[in-house]
Amino acid sequence: MSQRLSDSRRVVIKIGSSLLVEEKSGAIRRGWLEALADDVADLRSQGAEVLLVSSGAIAVGRRHLGLTARPPKLEEKQAAAATGQVRLAHAYQEALARHAITVAQVLLTLGDTEERRRHLNARNTLGTLLRLGAVPVINENDTVATAEIRFGDNDRLAARVAAMMNADTLVLLSDIDGLYDSDPRSNQDARHLPEIAEISPEIEAMAGAAPVGYSSGGMITKLAAARIATAAGCRMVIADGRHENPLRKLRDGARCSWFLSAVEPLTARKRWIAGSLNASGRIIVDAGAAGALRRGKSLLPAGVIAVEGAFQRGDAVLVYDAQGQELARGLVAYGSEDAARLKGHKSREIESLLGYRGREELIHRDDLVVS
């Protein structure tokens, strides 16, 4: 099981508030964060791309705004998030700069991962950051998203990010070393489960309440995250992050709980595209493009001979050959008006035709399912 992390090509790591922030003082645990940065650098040196989903902004901001005497109101949490996020991003920047790693701050809400066009925008931005060698540090946009603060499930946000980015591994660093058949805080005979192949009702019944303190999650949100991740083809692990170098310990065989998926990430994404999206338009392609699609290639503008219907960027469209046979369906990178302007043209002409430089592909192969 320890090889699962080492074999991962794209990893999403969620860091909870209780690990990153001292509960009493509200200070960032700099030594712990630097050790985590060492682990991230090790993963990247093995060829993995890494995305971090970090809690802690509200906990840090409360200290600096003097909001520690009592539980803060909702608007005070939002204010704390605004000031805490600045300090949190700077701390990550300093920790990873020791390894010459660039950090990029990305603020999302669950809506950004679920609404189709916003999903596509976020996915493209994160993919570009990874391609350019940066480590995205993602947090919920708590200053404007009230529901996320009330439910406090960065676990679920991390799972959404993992699904959106076709990650093969999601690591939830927690203050517990995995799932038990009962609460180990109250039952010393609780049995640890090292591997979960299916999230059955019996497994769900094992979830307990969140611990007291800055942590706002709990095993319930972690099981919800496991459902999202494994359905998207991403395995998930709950690991103890309280000690330094938690990823190294996980790689070396530390006790944890792995939730397994029966499908690969790209397979799961293509099943979603094939089965759950209503098509908004049609694109007709020539014989050369039809052959390229059957060989697993992306759809380029040069192979398009007609665009039908009204659709926007990120919508699902059907692809037909010149004889009227359906070839594929996919998520289009341009709206119908722009797609019509691009049809028959080379990708290098996109900027001159549209006035901006968009994607080279009209539909990328990862967003395309051939019939």
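The values are calculated or read from the model by the stated rules, or taken from the named source; none is laboratory data. Quantities reported herein were computed from a predicted structural model and do not represent experimental measurements. Every residue, glycine among them, receives a Cβ derived from its backbone with ideal geometry; neighbour counts consider all protein chains shown. For the accessible areas, the whole protein counts, side chains as well, though only heavy atoms, and no ligand, DNA or RNA atoms are used. Shrake-Rupley method; radii C 1.70, N 1.55, O 1.52, S 1.80 Å.
A compact table of results
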item	result
For segment 253-371, size of Cβ-based charge dipole, Lys and Arg +1, Asp and Glu -1, in debye	400 debye
Dipole axis of segment 307-368 (+1 Lys, Arg; -1 Asp, Glu on Cβ), positive-most option in Ser352, Gly335, Leu318	Ser352
Segment 305-366: chymotrypsin sites (Phe, Trp or Tyr not before Pro) in DSSP coil with no more than 15 other Cβ atoms inside 10 Å	Tyr356
Between helix 30-45 and the chain: long-axis angle, C-alpha atoms, 0 to 90°, nearest 10	40 degrees
For the chain: accessible area per residue (Å², 1.4 Å)	45 Å²
Förster radius 30 Å - calculated FRET efficiency between Ala69 and Arg242, Cβ distance, rounded to 0.05	0.70
Cα centre as origin, Lys/Arg/Asp/Glu Cβ charges: segment 327-371 dipole, Debye	120 debye
Whole-number Å³ per residue for the convex hull built on Cα positions in the chain	148 Å³
Choice from Gly291, Gly281, Gly26 showing the highest fluctuation, given a GNM over the chain with Cα pairs closer than 10 Å	Gly291
Amide H contacts under 5 Å for Leu327, placed H, 5+ residues apart	Val319, Tyr320, Asp321
Simple spin-label estimate for Ala254 and Glu360 in nanometres, 7 Å along Cα-Cβ	4.1 nm
Lys, Arg +1 and Asp, Glu -1 on Cβ, resulting dipole of the chain about Cα centre, debye, nearest 20	580 debye
Residue-by-residue Karplus 3J(HN,Hα) for segment 62-68, coefficients 6.51, -1.76, 1.60, Hz, glycine and proline x	4, 5, 6, 9, x, 9, 9
Mean residue ellipticity (222 nm) of the chain, computed from DSSP H runs ≥ 4 via -39,500 (n - 2.57), nearest 500	-11500 deg cm²/dmol
DSSP-defined beta bridges in the chain - what % are antiparallel, rounded to 5	40 percent
Taking the chain and dividing mean pair separation by its residue count, relative contact order in percent (alpha carbons under 8 Å, at least six apart)	15 percent
Among Arg98, Arg227, Arg295: highest mean-square fluctuation, GNM of the chain, C-alpha pairs under 10 Å	Arg295
